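Q: Sharing a structure here in structure tokens format.
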């Protein structure tokens, strides 16, 4: 699985706002929205693919989420 990052934070939107959450940010988005705040997941003209994209087996992704 190609991921950009896995991180913990407090949900800031919607009915679950304020709850601790784990976010799994996948890499290689194909939408390229102009308002995107995570361009490092797809903008290879300005970001380094080898630093931003991590290929992990699904078992490792699950392990990171459980940490």
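The values are calculated or read from the model by the stated rules, or taken from the named source; none is laboratory data. Everything numeric here is computed off the predicted structure, so don't read it as measured data. Positions of Cβ are generated from backbone atoms using ideal geometry, with glycine treated the same way; all protein chains shown enter the neighbour counts.
Q: Suppose the filter is surrounded by 10 or more Cβ atoms within 10 Å (Cβ to Cβ), touching a strand residue (DSSP E or B) at 6+ places or on another chain (Cβ under 9 Å) and at positive phi; does residue 56 pass it?
A: Working: surrounded by 10 or more Cβ atoms within 10 Å (Cβ to Cβ): yes; touching a strand residue (DSSP E or B) at 6+ places or on another chain (Cβ under 9 Å): yes; at positive phi: no.
No: the conditions fail for residue 56.
Q: Can you confirm whether segment 56-64 contains a residue that is modelled with pLDDT of 95 or more and not in a helix (DSSP H, G or I)?
A: Yes: segment 56-64 contains one or more residues that are modelled with pLDDT of 95 or more and not in a helix (DSSP H, G or I).
Q: Let me ask another. Taking the condition of being surrounded by 13 or more Cβ atoms within 10 Å (Cβ to Cβ) and outside any loop (DSSP other than H, G, I, E, B), how many residues in segment 23-48 meet it?
A: Selection size over segment 23-48: 6.
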